[in-house]
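The values are calculated or read from the model by the stated rules, or taken from the named source; none is laboratory data. Since we're looking at a predicted model, the values are computed, not measured. Quick reminder, even Gly has a Cβ in these numbers, built from the backbone with ideal geometry, and neighbours come from all protein chains shown.
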Amino acid sequence: MKSDLHEARERRHQEARAWKKRTGGKVVGLFCCSVPEELIHAAAMLPVRLLGEHEDTTEADVHFPVNVCPYPKACFDQALKGSYDYLDGMVVPNVCDMVRAMFGFWQTSSPLPFLYFLEVPQKISPESTEFFTVELRRFRGALEAFGGEPIGDDAIQEAIRLCNADRELLRKLSALRVTAGVPGSLVQDATLTAMVLPKERHLELMKAALAESQTSPTANGLPLFLSASMLDESDFVRLIEESGGHVVADDMPAGTRYFQADVDEADPDPIRALARRYLEEIACPRKMLPEAHLAHMLLLLEGSGARGVVIHNLRACDCHLYEYPYFKKELEARGMSVLFFRGEETATELEQQRADIEAFIEMIEG
Amino acid sequence: MATSTSAKKHLATTLLVPELRRKHYAQTVADSKAGKKVAWCSNNIPSEILEAMDITSVYLENYATVCASKRLSSAFCRAGERAGFSQDVCGYARILMGYLLGGDDLPEAPYGGPAKPDILIVNSYSCDSRMGWFTTMARTLDLPLYVLDSPYQPGGGCTDPDNIVYTESQLRGLIAFLEEYTETSFDPTRLRQRLELAAKANDIQVEIYQMRKHVPSPMGAGDAYTAVWPGMYLTGSEECDRFYEQLRAEMRERIENGIGIVPEEKLRLMWSGLPFWYNMSLMNYFEEKGGVVAIENAFFRQLRSLPQQDEDPVRDMALRSTMRRGYAGGIGERIDLTVEVAREYSIDGVILSYNPSCRLFYILQPALKNALDRAGIPTLALECDMADERTYSEGQVKTRLDAFMERLLARRQGDRREIRPS
């Protein structure tokens, strides 16, 4: 049976259209955890993370070669097919080769009234935070010009409180994976829907999900840790569950990376607070050195009770691909078995992966 | 040593490059032995700064192309894959990872291997692969790494003060890093001298690219892919300036005397993306049928004359590099520029080199194909890696090139029939 959160992902386009009709506000699409959605909220607009569908990318294939990351390609395919016809704007951040290229593709093939390229530094340093702070002020100005209204600090602070509250509920649900057997797929659905629904609506769903978690059936598979690049559907986690595993903790953009850190509500300069959180506190391999990323991952792994690590990297995702040999070596040195997948965005690959996951679980259980 | 399949050069000046390159690599090894500090660099690291601080630079993308051109890429790439790197990873990176981690059964590396490094420097601008590659090497070799970060500026942004300020902070950070790890000191006067030399060489290259519009073509891609080398790796040296002065003079002479690459130039082609470094003789393949690869789109994007912007040489560099990035633009601008150049250089057809492990160029190629189709310029897509020779099939590639040239020649004849009075 599908949870309300899982269904909400499927209904996300209807939800966005309904919000737009109800409020008369603008909807702004975005990629990646590095775009502060608080600023879009504060502009009274709805931020919507772009997600693909696991179907043939018949429209996008004309524009892209084969060996590229399938995630942005699948998103662009959905845009070309009209699924995102409610978008008024798009924010494309400088977060990887493929995503940053999407700026040009949107510019030339799917024009919108507002298209913004957000510069995101690729290193963590005081100068980078300073640059990102200035960049976020520029982004705020662009949103003000697009919306025709100034965005006050108080509105940004209010949006920060709202997003922090949602992240807190996500962390609570996430922790229940270890302590109460809440399925990893539910946590991922909760995360994905946080990226696409109006926050107030998501908070309601989260409260309901937390209440239900007291009585719902619990996962009892082999505890596993999942490290992944973008997984924009919870079907891979569900596959692990069906194969006898239970994802108790993760390090991935559509997971812990999205909700782990809060924005400092006490900082009198909310833009600087956003810059710090979004640049310094997201464990992203594009910005941090592999050693720091590994240390972060080991912290997440520690205490989770995971007995194996599944690494899922999308095809041609250079940021994650280079880390893999190092992570594998370090994890195995700590006695952890590692299973690697090079992922596509197709439904058929899941069946091929099932046997590997089952064998991996069997091997660990001995 | 494996057999080389280098391009036949038509210009006497270009024939000087292999010796310049051999001397350069020998010098870097000698420098290292003499105790000079050596930096392994990615492209887009300003060698002028390193030269001004007496630090020897070795550019690893170039070293990887040397390995490929000497037909060693298969062995090194395989070794890189044995070390755990996916075939999706950049061919250049796999070659170097194979060289570093590959074990004892590897062939002898060109020039005895790159000079032993003391530090590593990578630029974030070009692609994600370079970052992953250099961070991996820094850990493997246990050496300090500096990341020179840059904004991407797809919509221009040449004059945005924030981009300039950040770029300047990154350059000053690089200088501080070099001072710390190499115990050398920075002299702005020496940097200014290097920048002036580099600007001079750049301006001549801009002229040379303009001269290539001439029909018949005074220089084809077989020469051009070699002729870019001093400008990329000897920047800011008198040797580099002398090279381009000589090349310009030779090209002028060829133009004045109507000397082309082939006796009768029937087709003018563009090569889009990186060439297949292990088989550069492909650039001469068109010549038998009167075809010349008159221009490439890999290196000219950022070539333009930029006068000095500031007295302070570091700020000057920050301003100029911000402007160059702005001019290079994003996908949309790059597409427009390629179509424009195809027209300006009277191009009959474009060969799109789909290098699957070089995301930077690869992502763009279908969009370029679509734009060129719309502009009525025929294209041929060849999917082979720029460095990993195992992806190349001689028979298939040549059959497709033959068919493409036949198509273009027929089109040309058709054009002539159309304009000839009946």
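For the stretch A:48-60, indicate whether the set of residues that are in contact with a His (Cβ under 8 Å, 6 or more places away or on another chain), on the phi < 0 side of the Ramachandran plot and part of a helix (DSSP H, G or I) is non-empty.
So far as the stretch A:48-60 goes, no, none of its residues is in contact with a His (Cβ under 8 Å, 6 or more places away or on another chain), on the phi < 0 side of the Ramachandran plot and part of a helix (DSSP H, G or I).
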Considering the stretch A:342-366, residues that are within 28 Å of B:Cys127 (Cα to Cα) and touching a residue at least 60 places away in the same chain (Cβ under 8 Å), and then whichever is surrounded by the most Cβ atoms within 10 Å (Cβ to Cβ), we arrive at A:Glu345
Could you pull out the residue among A:Leu173, A:Leu192, A:Leu169 that is crowded, with 24+ Cβ neighbours inside 10 Å, assigned by TED's automatic domain parsing to the domain that holds A:Gly303, within 18 Å of the chain's Cα centre (by Cα) and within 18 Å of A:Pro253 (Cα to Cα)? A:Leu192
Failed criterion for B:Pro356 (all others in (1) in a helix (DSSP H, G or I); (2) within 14 Å of chain A (Cβ to nearest Cβ); (3) buried (at least 18 other Cβ atoms within 10 Å of the Cβ) hold): (1)
Just wondering, is there one or more residues in the stretch A:140-147 that are farther than 21 Å from A:Ala261 by Cβ and within 14 Å of chain B (Cβ to nearest Cβ)? yes
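Residue by residue, here is whether (1) touching a residue at least 24 places away in the same chain (Cβ under 8 Å); (2) surrounded by fewer than 17 Cβ atoms within 10 Å (Cβ to Cβ) holds:
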position	(1), (2)
B:Thr14	yes, no
B:Lys23	no, yes
B:Thr28	yes, no
B:Met97	yes, no
B:Gly112	yes, yes
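Only one residue in B:Arg334, B:Arg315 is surrounded by 15 or more Cβ atoms within 10 Å (Cβ to Cβ), of a type in the set (Lys, Arg), without any contact (Cβ under 8 Å) to a residue 60 or more places away in the chain and in a helix (DSSP H, G or I), so which one is that?
B:Arg334
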Set B:Ala68, B:Ala93: member being more than 13 Å from chain A (Cβ to nearest Cβ), surrounded by 21 or more Cβ atoms within 10 Å (Cβ to Cβ) and modelled with pLDDT of 95 or more: B:Ala68
Pairs only if they're at least six apart or on different chains, beta carbon under 8 angstrom, first in the stretch A:118-137 and outside the structural domain of A:Cys284 (by TED's automatic domain parsing), second in a helix (DSSP H, G or I) and acidic (Asp, Glu); list them, first residue then second. A:Leu118/A:Glu135; A:Glu119/A:Glu135; A:Val120/A:Glu135; A:Ile124/A:Glu280; A:Thr129/A:Glu280; A:Phe131/B:Asp162; A:Val134/B:Asp162; A:Glu135/B:Asp162
In the stretch B:205-218, is there at least one residue being within 14 Å of chain A (Cβ to nearest Cβ) and either in a helix (DSSP H, G or I) or in contact with a strand residue (DSSP E or B) (Cβ under 9 Å, 6 or more places away or on another chain) (or both)? no
Out of the residues in the stretch B:30-60 that are out of contact with any strand residue (DSSP E or B) (no Cβ under 9 Å at 6 or more places or on another chain) and not small (Gly, Ala, Ser), state the one that is surrounded by the most Cβ atoms within 10 Å (Cβ to Cβ). B:Ile49
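Would you confirm, using the coordinates I've provided, whether A:Gln78 is over 15 Å from the mean Cα position of the chain (by Cα) and in contact (Cβ under 8 Å) with a residue 12 or more places away in the chain?
Yes: the conditions hold for A:Gln78.
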Which one is farthest from A:Cys32 (Cα to Cα), of the residues in the stretch A:308-337 that are more than 8 Å from chain B (Cβ to nearest Cβ), of a type in the set (A, V, I, L, M) and touching a strand residue (DSSP E or B) at 6+ places or on another chain (Cβ under 8 Å)? A:Met336
So which of B:Ala176, B:Ala224, B:Ala199 is over 26 Å from B:Glu311 (Cβ atoms), among the small types (Gly, Ala, Ser) and part of a helix (DSSP H, G or I)? B:Ala224
Reported set for the stretch A:111-139 where residues are touching a Phe, Trp or Tyr at 6+ places or on another chain (Cβ under 8 Å), within 12 Å of another protein chain (Cβ to nearest Cβ) and not in a helix (DSSP H, G or I) is A:Leu115, A:Tyr116, A:Phe117, A:Leu118, A:Glu119, A:Val120, A:Pro121
Would you point out which residue out of A:Phe259, A:Phe236 is modelled with pLDDT of 95 or more and more than 26 Å from A:Ala347 (Cβ to Cβ)? A:Phe259
I want to confirm something. Restricting to the stretch B:371-384 and keeping residues that are touching a helix residue (DSSP H, G or I) at 6+ places or on another chain (Cβ under 7 Å) and farther than 22 Å from B:Leu282 by Cα, which single residue is surrounded by the most Cβ atoms within 10 Å (Cβ to Cβ)? B:Leu372
Of the residues B:Gly330, B:Gly260, which single one is within 14 Å of another protein chain (Cβ to nearest Cβ), farther than 17 Å from B:Pro46 by Cα and out of contact with any Cys (no Cβ under 7 Å at 6 or more places or on another chain)? B:Gly330
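Please verify whether B:Asn62 is assigned to a loop (DSSP other than H, G, I, E, B) and under 30 Å from B:Ala199 (Cβ atoms), treating the condition exactly as stated.
On the way: assigned to a loop (DSSP other than H, G, I, E, B): no; under 30 Å from B:Ala199 (Cβ atoms): yes.
No: the conditions fail for B:Asn62.
Would you mind finding the one in A:Val68, A:Val92, A:Val99 that is under 19 Å from B:Arg334 (Cβ atoms), in contact (Cβ under 8 Å) with a residue 40 or more places away in the chain, within 14 Å of another protein chain (Cβ to nearest Cβ) and in a loop (DSSP other than H, G, I, E, B)?
A:Val68
Residues checked against (1) in contact (Cβ under 8 Å) with a residue 60 or more places away in the chain; (2) polar (S, T, N, Q); (3) touching a strand residue (DSSP E or B) at 6+ places or on another chain (Cβ under 7 Å):
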site	(1), (2), (3)
A:Leu231	yes, no, yes
A:Val237	no, no, yes
A:Gly244	yes, no, yes
A:Val248	yes, no, yes
A:Gln260	yes, yes, no
A:Ala266	no, no, no
A:Pro270	yes, no, no
